[in-house]
Structure formats: C-alpha cells, structure tokens
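Laboratory data are not the source of any read-out in this text; all were calculated from the coordinates shown. Predicted model only: the values in this text are computed from it and were never measured. Every residue, glycine as well, gets a Cβ built from its backbone with ideal geometry; the counts of neighbours run over all protein chains shown.
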Amino acid sequence: MQAEHIEAAVNFGSQLLAYSDEFTIGGAKPTVQLSTAAIGITSALTLGLFGALGLLLTKPGTGKIALSEEEASALEAVSSLYDVTDADKAVTERGTAGEVKRKQAAEKFKLDYQRGKDVREVRDKTLAYAEVEGALLAALLRAAAPQEGEVFFDLGSGMGRALLSAAALHPELGECVGVEFLAGLHKQAQGYASKLSRAVPRAAPVRLVNADFCDPSVDISNAGIVFAYSTRYATASDGITLTELGEKLKELPKGARVITTDRRLRAPDFQLIKQINDPNGDLQLTTGFVWRKAT
C-alpha cells in the first residue's frame, strides 16, 4: 500500500522547478527536479551577483573622479614612492599590498607608544592609520582652491602620503607642513619626503613635525588650508561633530579652508563649501568635506 502522492510546482511564466515528495511505506526520499530554464536563471543570477561584487572591489584609484594629466602624473609619482614593486602594487580588499604593510607597521608603532602606560592615559582609536585616496584628495583640494604662497597643514599626517600628494599637486603652495604624533610614523614620513624632490622636482616645500597637533606649541594660525583624515578622530555625543580638532581649528584665520573625512565641523564657525563622496567602489567608502572658517 502506498502513501498519498504530493507534488507542487513553482512557475515563473512557465514551469521552472518541480518538487516531488514521493514515498512508499519503505520510505523513498523526496526528489528535486530543476528544469533547464531554472538552471539558466540560477546561473544568470549567480553571474550577476559576482559581477556586482566585482564592481565593489574595483581597484583603488580607478574610480570616477576625473583627473587632469598634471594631477594624475603628480599622484602617480607620489604613489611610486610608497608602492615601489609590483608586489606592493597588488590590490587587496584593504588597499594595495604596500598599504596593508604600512598599516601593520603603523599598528606596531602605536603599540610601542602604548606599551607600559596606563590605558586610561594613552590615545588609541584616534591613532588608527589610513591613507586617503589620491583622486579624492585631488578633488577636495580643487574645491579648497589653494592660492599662491598659502601654507597647507596635514594634522595627523601619518607616513606623509597626503602631505606629499598635496605638495606634488599644488607646487604653488608656500609650504606643506605635516604634524604627526607617533614617532615611528614621523620617521617613516621623513624617509618618503627625502625622495619627493627627485620624483616631483616642482613640488612645494615640505616640513614634518613630530608632535600632538592639539598641543599649543603647534601653531596653525598662518594656515590657508588644513587637511585631516578625521574618520576616527574624537567626536561629540552625536558621533559626527569633531571636538579636539574643532577646538584646535579655532586658531585659524577667517577664510581658511579645512578638509575633513567622514566627520563634520560645528556651524556657524565653519561653512560647508563642498561634499564629495569617494566613488572608487571599494568596501570602505569615504566622504570628504571642504569647509571655510567663517569667524
């Protein structure tokens, strides 16, 4: 004697998938039968999914921000100082292989600084290392409109990549000053900066300072443009308004421009000029803001 036969079909215009649960008292197992059309649609959906994932993993630097020949050449020259070999230039989900190594080195420098100190008395999250995408920086600097002889500051300059890029992109700047808290990163930046004049002979002068930019001894009162990769910098309770950096920027003269990433400055002291979203399609998108000091 056989049990009741159960059969259901799912149709998308025509029958694509049939599910059959046939068994006897002996216990035959259910079977699944896929039509050729169903397999075709499944394959198409799978290919589409991987195609979309491929777009997300687009090589950094190949996004949709248009660069002039001069900008592209300047950024390529600076990039060649940091990612020297083909192995360094290999792209991963975290950036180039060279950038991954620099992040690992930066983490070591941070741990060296923290070692033996009370965790309540040391910086941590605000020391996270990152490198701004060159094309995004170029676009943000365009919006900031550097003027002949102006001084550019990078507060939290790391190994100096954004600083050297600004010097290469805008040789009309009077000076580019990088302020970095961690001694290990400062030393690395010195090494890269020593090679800039050979890579970009017309680059603006560069000066590196090993200090906490919040310290009163760091004078930014003559700055025309300030850049800060501020994604991990201290914020107010809203999680987006910069506090320590905002306090330091009170030293700026009226009309100075400030570039921040992912974090905002408090109005009415600063007026938003431009917001640019990084279109490169990697898994860590960055939003850049350009501000003008209004008071």
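A compact table of results
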item: Full-extension gain in nm, R202 to A105, via 0.36 nm per residue minus C-alpha separation; result: 31.9 nm
item: Dipole magnitude of region 170-295 about its Cα centre (Cβ charges: Lys, Arg +1; Asp, Glu -1), debye to nearest 20; result: 360 debye
item: Cα principal axis extents for region 57-173, largest first, Å; result: 49, 36, 22
item: Mean separation of Cα contacts under 8 Å (6+ apart) over length of region 69-293, as relative contact order %; result: 18 percent
item: Share of Cα-Cα pairs in region 97-230 lying beyond 19 Å, as whole percent; result: 49 percent
item: Per-selection Rg to Rh, region 69-293 - Cα, Kirkwood hydrodynamic radius; result: 0.94
item: Summed side-chain charge close to M159 - residues other than M159 whose Cβ falls under 14 Å, Lys, Arg +1, Asp, Glu -1; result: +1
item: Gyration tensor over alpha-carbon atoms, region 86-132, equivalent ellipsoid semi-axes in Å; result: 27, 10, 6
item: At R0 = 22 Å, FRET efficiency that the Cβ-Cβ distance of Q271 and A234 yields, to 0.05; result: 0.50
item: Share of Cα-Cα pairs in region 187-295 lying beyond 18 Å, as whole percent; result: 58 percent
